[in-house]
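A short worksheet on the structure shown next.
Rule-based calculations on the coordinates, nothing more; no lab input. In this text, all values refer to a predicted model and were calculated from it rather than measured experimentally. Cβ atoms come from the backbone with ideal geometry, glycine included; neighbour counts cover every protein chain shown.
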Amino acid sequence: MTILNKIAAQPKIETIITKMSHGHDIIIIGGGPAGLSAAIYAGRFGLKSLLIEKAILGGLASTTFRIENYPGFPEGISGIDLANKLEEQARLYGAKILYGNASAIEIEKKFKIVEVDKKTFKTKAIILASGTDPKKLNIPGEKKLRGRGVSYCGTCDGPFYKDKNILVIGGGNSAVEEAIFLTRYAKKVSIVHRRDKLRADHALAKQARSHPKIFMLWNSILEEIKGSERVEEAVLKNTTTGKNSTIKTDGVFVYVGSNPQTEFLKGTINLDEHGFITTTGRLTTSQPGIFVAGDVRQKTLRQIVTAAADGAMAADEARKYIEEAK
Ligand code: NAP
């Protein structure tokens, strides 16, 4: 099933909400690998869990064409297949899934109230697993040409770039992984990186550097994206010489990191200066009974395997909290 089909197949929010009961042990906010793993573990602990997802189950992982570093899949697994398996396993253990946007949390004595699309849900504990979303460059042309040559998802939009020339912006794992993926379609993929060394893991960087369709534009910053109906040109600044140059391109794929999805938590949960949730070794937050898992927390290694591990640990900590509060 493709990502677009998966989105289309999702039941309407109103249909699900009217069928939902309001007493939960744990509400999990976010349906990526961290949230789904938390739901699997909560179910196995015999806890009633409700998982809230605003977009697509599997989170950012589901937009990855091939995951090669998740243990147990030596031949790799597609992001959408892994997401489907995690969802199946979470449902098997009784997790209820609600598609909606969690917009606020209130603390009411021993209970917590989560607001989702103007409805409220009461719970004993919460696991925050809301993940991150792609950073924008905020340069001229980026917003205007989004969806018309500017993309943040190679897996979704790659097939539109058959035999085209495209730019991938960034030097991290996402940029390099997606650049390699995009060579399936594009004639030429140029990675535009602001330094002369990739941030991506050694194995990925080596693969990209030796790929016949991938070219490196080192020490370069994208300053502007031009085009009337679609992307036509990109203005690059060379950071060594300070000179600008304009090159023809059919598409610009942006992978310059991600922002935590924590806007709705401001004032309720302590965040660090970048907006990530501050936590402890036991995945607690500044509010008792509210735990955190996955990319949205302060951590050093953001991977599917660490997100899944967080989900399991957070569910276990939530279980202990609920038992102690009895
Ligand atoms: P990232 O690791 O933070 O890399 C962002 C890249 O964008 C860096 O190379 C950075 O340059 C560059 N950059 C940032 N702001 C920029 C700007 N304004 N203009 C131009 N370039 C800019 O982000 P990510 O690649 O999205 O990965 C996020 C996390 O997910 C990481 O922890 C990563 O390891 C993980 N991840 C893992 C995998 C995997 O293991 N297969 C796949 C995807 C993501 P500098 O290098 O100069 O800072």
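Rounded, prolate or oblate: pick one for the range 22-177, where a ≥ b ≥ c are the square roots of the eigenvalues of its C-alpha gyration tensor, a/c under 1.5 means rounded, and failing that, prolate if a/b is larger than b/c, else oblate. Oblate, since a/c reaches 1.5 and b/c is not below a/b. By its C-alpha gyration tensor, with a ≥ b ≥ c as the square roots of the eigenvalues, how is the range 15-94 shaped: rounded for a/c under 1.5, else prolate for a/b larger than b/c, else oblate? It comes out prolate by the Cα gyration axes.
Modelled spin-label separation between Arg44 and Glu263, with each label point placed 7 Å from Cα along the Cα-to-Cβ direction: 3.6 nm. The angle between the Cα long axis of helix 79-92 and the longest principal axis of the Cα atoms of the chain comes to about 10 degrees, rounded to the nearest 10. With the convex hull drawn over the C-alpha atoms of the range 274-326, the volume per residue is 63 Å³. Taken along the Cα-to-beta-carbon direction at a fixed 7 Å, the label points for Phe160 and Arg148 span 1.1 nm. With the simple model of a label 7 Å out from the Cα in the direction of the Cβ, Lys226 to Asn270 spans 5.0 nm. With a ≥ b ≥ c the root eigenvalues of the C-alpha gyration tensor of the range 129-248, is it rounded (a/c under 1.5), prolate (a/b larger than b/c) or oblate? It comes out rounded by the Cα gyration axes.
Of interest is the spacing of the C-alpha centroids, which for the range 225-269 and the range 183-199 amounts to 14 Å.
If you run the Gaussian network model on the chain, springs between alpha carbon atoms under 10 Å, then out of Ser103, Ser49, Ser245 the most flexible one is Ser245.
For the range 49-135, applying the loop criterion from DSSP together with a ceiling of 13 other beta carbons within 10 Å to the trypsin sites (Lys or Arg not before Pro) yields Lys109, Lys110, Lys118. Take the Cβ atoms of Asn84 and Arg302, set R0 to 25 Å, and the FRET efficiency comes out at 0.70.
Per residue, the convex hull spanned by the Cα atoms of the chain measures out at 146 cubic angstrom.
Comparing Ala39, Ala95, Ala186 in a Gaussian network model of the chain where C-alpha atoms under 10 Å apart are linked, the largest mean-square fluctuation is found at Ala186. Over the Cα atoms of the range 110-169, the radius of gyration divided by the Kirkwood radius equals 1.23; this is the Rg/Rh ratio. Against the compact-protein benchmark of 2.2 N^0.38 Å, the Cα-based radius of gyration of the range 171-326 scales to 1.39.
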